[in-house]
Amino acid sequence: MRIGVLSRKASLYSTRRLIEAGEARNHDMRVINYLRCYMDISNPNPGVVYHDLVADRNAKEESLDFDAVVPRIGASYTFYGAALVRQFEMMGVFATNDSQSITRSRDKLRAQQLLARSGVDLPATTFAHDARHSRGLIDRVGGTPVIIKLLEGTQGVGVVLAETRKAAESVIGAFRQLDANILVQEFIREAGGDDLRVIVIGGKVVAAMERHAAPGEFRANLHQGGTADKAKLTPDERRTAVRAAKALGLHVCGVDMLRSNRGPLVLEVNSSPGLEGVEKATGIDVAGKIIEFIEANAPRGNRPDRVGA
């Protein structure tokens with residue numbers, strides 16, 4: 001099959017591993033910088049044109065034709081990246097995650113609402129526009145300490161632990177002065193700075209690692225200096241991860257969870273999970289499993305329009 005990996009950099013570990021895994025299975029693999037694409041929308045036959053730059057800096061354009069695409073869309077470019085995935089869907093191209101599910105997962109507030117509606121357990125979470133509601137926001141999640149999150153933050157950036165009520169009110173007020181949307185969330189003390197990253201592909205858990213925060217840090221993200229090792233999940237943790245992926249309509253995702261005294265609590269669902277940490281921690285060929293998922297689900301031959309409503 002012809003498979004495109006929508007990524008800005010071919011040198012990134014996750015992108016490189018997907019290319020390697022696909023080529024090992026004799027697929028025609030190609031990295032496409034999605035920001036160099038434009039869409040032919042008004043034409044009765046929708047298309048995507050790739051505007052590549054060759055060595056002599058002359059522009060080279062070509063119409064793209066894939067059987068499947070793997071979106072690796074950066075958070076800063078969600079709107080354009082999702083629009084491009086939607087264009088491929090209109091062309092009948094299979095996407096490992098469709099445009100709607102990517103958009104859902106990137107809107108943290110919407111994602112939390114969908115997860116809660118689907119019965120997925122979450123830390124107590126509140127949201128408001130006016131900083132004058134800070135007292136109620138804090139009380140509703142059980143008081144301080146609390147976690148304050150920017151809706152637009154990724155990889156642990158824009159996440160603050162406020163130990164006292166005064167500190168929490170100050171942070172909330174400062175963020176609102178910047179017109180930033182925030183979530184106030186319960187601090188799960190018993191997690192001890194550890195969390196779980198569970199990879200779900202096609203409704204099945206394929207790999208899981210436990211991440212440990214660096215000394216003096218409460219965030220377990222590897223980008224924040226955390227470490228990771230292979231995790232052994234309970235049946236409840238497996239069910240929770242699969243339910244979270246299904247709630248957002250994601251076929252390939254990383255589900256971040258905390259182990260609490262009341263069971264697993266979902267923090268976030270990532271539609272473009274990094275592969276380096278989990279592959280190295282578990283020894284599992286996650287990239288290969290993504291390619292296997294494409295092989296089992298991508299249509300061959302005539303391709304119907306796959307875009308959702």
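Observations on the structure shown:
- Any hit, region 18-29, residues being surrounded by 13 or more Cβ atoms within 10 Å (Cβ to Cβ) and within 15 Å of residue 272 (Cβ to Cβ): yes
- Where helices (runs of 4 or more DSSP H) fall entirely within region 36-151, those with at least 2 residues that are under 20 Å from the mean Cα position of the chain (by Cα) are at 78-90, 99-106, 108-117.
- Qualifying positions in region 122-142 - among the charged types (D, E, K, R), modelled with pLDDT of 90 or more and either touching a Gly at 6+ places or on another chain (Cβ under 6 Å) or exposed (fewer than 15 other Cβ atoms within 10 Å of the Cβ) (or both): 139
- Of everything listed in (1) in contact with a helix residue (DSSP H, G or I) (Cβ under 6 Å, 6 or more places away or on another chain); (2) under 17 Å from residue 271 (Cβ atoms), the single unmet condition for residue 109 is (1).
- Long-range neighbours under 6 Å by Cβ, at least six apart or interchain, first residue at pLDDT 85 or above within region 143-157, second surrounded by 18 or more Cβ atoms within 10 Å (Cβ to Cβ) and in a loop (DSSP other than H, G, I, E, B): 145/187; 146/187; 147/187
- Scanning region 225-275 for residues that are without any contact (Cβ under 8 Å) to a residue 60 or more places away in the chain, out of contact with any Leu (no Cβ under 9 Å at 6 or more places or on another chain) and surrounded by fewer than 21 Cβ atoms within 10 Å (Cβ to Cβ) returns 225, 226, 227, 229, 230, 232, 234, 235, 236, 238, 239, 242.
- Any hit, region 81-99, residues being closer than 26 Å to residue 238 by Cβ, of a type in the set (D, E, K, R) and in contact with an Asp or Glu (Cβ under 9 Å, 6 or more places away or on another chain): yes
- Residue match in region 194-205 (condition: of a type in the set (Gly, Ala, Ser) and modelled with pLDDT of 90 or more): yes
The values are calculated or read from the model by the stated rules, or taken from the named source; none is laboratory data. Remember, it's a predicted structure, so these values are computed and weren't measured experimentally. Using ideal geometry, Cβ is built from the backbone for each residue, glycine included, and neighbour counts are taken over all protein chains shown.
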